[in-house]
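Inspection log for the structure reproduced underneath, given as structure tokens.
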Amino acid sequence: MKATMQMSEVWRSWRFLLACCMVACTVASFAAKAPQKERPLDFTGAFPPSVKTIGLVMPASIQPQRNFERGVAALEAAGYKVKRAKRLNFKTVASVEDRVADFEEAWLDPEVDLVLCARGGTGAQDLLGKIDWEKLRTRPQQRVLGFSNITMLLNAMLKEKVGLPFSGPSLSHFLYADPKSFKWLAPAIDRGPLPDVQLKALRPGACKGTAVGGHIMLVSKAVSMGWAPDAKGKIVFLESSANYPPVIRSTLNGLVKKGYFNECAGVVFGDITPSGRKLKRLSGAELEEGRAAVAQIKKDFAAQVTCPVWDDYPYGHVPVSYAIDHLREKTITEDGVLKQ
């Protein structure tokens with residue numbers, strides 16, 4: 001009888017613990033599903049005084065409309081006038097013809113001081129052969145800002161020698177960018193004074209030149225498609241996100257074999273965030289393994305080329321990302337200080 005009572009007590013204790021666990025899991029589940037408080041957006045001073053009106057285009061993938069509207073509202077609250085492209089589509093990617101028309105109209109609009117790309121993604125390469133570059137030469141000093149897949153547009157601008165290309169935050173990046181990115185962006189766009197940046201040596205050496213490059217995969221695509229500018233005498237800036245390390249390695253090796261780095265002044269790596277086989281972000285121990293793999297890839301790359309190779313420039317799919325004016329000359333000293 002006593003044994004039976006003890007078993008009953010044990011069972012009741014276990015049932016109580018099980019109930020507590022179920023309640024805890026339910027609360028955690030609701031907490032996970034509860035809407036997260038969005039951080040306030042303040043874009044005041046993100047652009048220099050010379051930028052009063054922004055032409056907003058979507059030349060690559062679509063941006064979720066809610067995020068788009070949130071970004072636009074923050075830009076307008078900061079005092080900028082935003083002129084949206086006429087053919088924006090938030091349900092499916094607009095046709096190439098529509099995206100080309102939007103891009104050309106924003107570029108040529110006399111009121112627009114800067115063309116801002118909503119996001120990267122994929123698809124910008126489809127526009128290059130259809131853009132009327134001669135028409136854009138009628139306004140040769142238009143500024144264009146974006147990165148990632150927008151690498152294709154910026155490379156084409158450099159190849160065609162028209163416009164002022166800036167690799168830097170797109171509207172989608174604005175939503176999570178660190179304020180340091182905005183403090184850098186305004187003087188970068190107006191070629192004002194910028195702080196020096198200390199780089200890490202992979203293959204030390206001083207160099208000087210204007211900038212080419214962008215997202216590693218898109219630089220490779222631009223080279224293959226014939227839309228990459230000559231890297232001779234230039235400093236190649238490279239970043240990447242959501243790519244499996246062996247893919248990054250093979251892409252860099254492919255560029256080496258094609259001679260892309262043969263006569264460049266130097267190479268600077270920005271952020272390279274490794275991902276898994278299915279292009280999902282790694283975490284924990286996997287992330288550390290991925291970072292170690294990327295570090296080895298950079299080291300092996302530096303051993304393959306003859307130019308200086310530097311690392312740790314804040315640039316890419318990260319909160320602190322310093323915009324790059326592709327036409328502003330940069331100098332890297334022997335001890336790795338980037339000046340511009």
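Per-structure values
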| item | result |
| --- | --- |
| Accessible area in square angstrom per residue, the chain, 1.4 angstrom probe | 48 Å² |
| Modelled FRET efficiency - R0 35 Å, T53 with V247, Cβ distances, 0.05 increments | 0.30 |
| Gain in span if fully extended, R84 to R281, counting 0.36 nm per residue against the direct Cα distance | 67.7 nm |
| 13 Å beta-carbon shell around S181, net charge (K/R +1, D/E -1) | -1 |
| Entry for Cα Rg over 2.2 N^0.38 Å (calculated from the structure that is shown) out of (i) 1.06; (ii) 1.64; (iii) 1.20 | (iii) |
| Per residue Cα convex hull volume in Å³ - calculated over region 126-248 | 150 Å³ |
| Percent accessible area from carbon and sulfur atoms, the chain, protein chains only, probe 1.4 Å | 57 percent |
| Crossing angle, helix 216-225 versus the chain [Cα axis fit, 0-90 degrees, rounded to tens] | 40 degrees |
| Local net charge near W310, Cβ-Cβ under 15 Å (Lys/Arg +1, Asp/Glu -1) | +1 |
| Length added when fully stretched, E263-E289, from 0.36 nm per residue minus Cα-Cα | 6.1 nm |
| Centroid-to-centroid separation of region 35-92 and region 153-183 [C-alpha atoms, Å] | 14 Å |
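The values are calculated or read from the model by the stated rules, or taken from the named source; none is laboratory data. What you see is a predicted model; the values in this text were computed from it and never measured. A quick note on method: Cβ atoms are made from the backbone with ideal geometry, for glycine too, and the neighbour counts reach across all protein chains shown. Side chains are part of the model used for accessible areas, which takes the heavy atoms of the whole protein and leaves out ligands, DNA and RNA. Shrake-Rupley method; radii C 1.70, N 1.55, O 1.52, S 1.80 Å.
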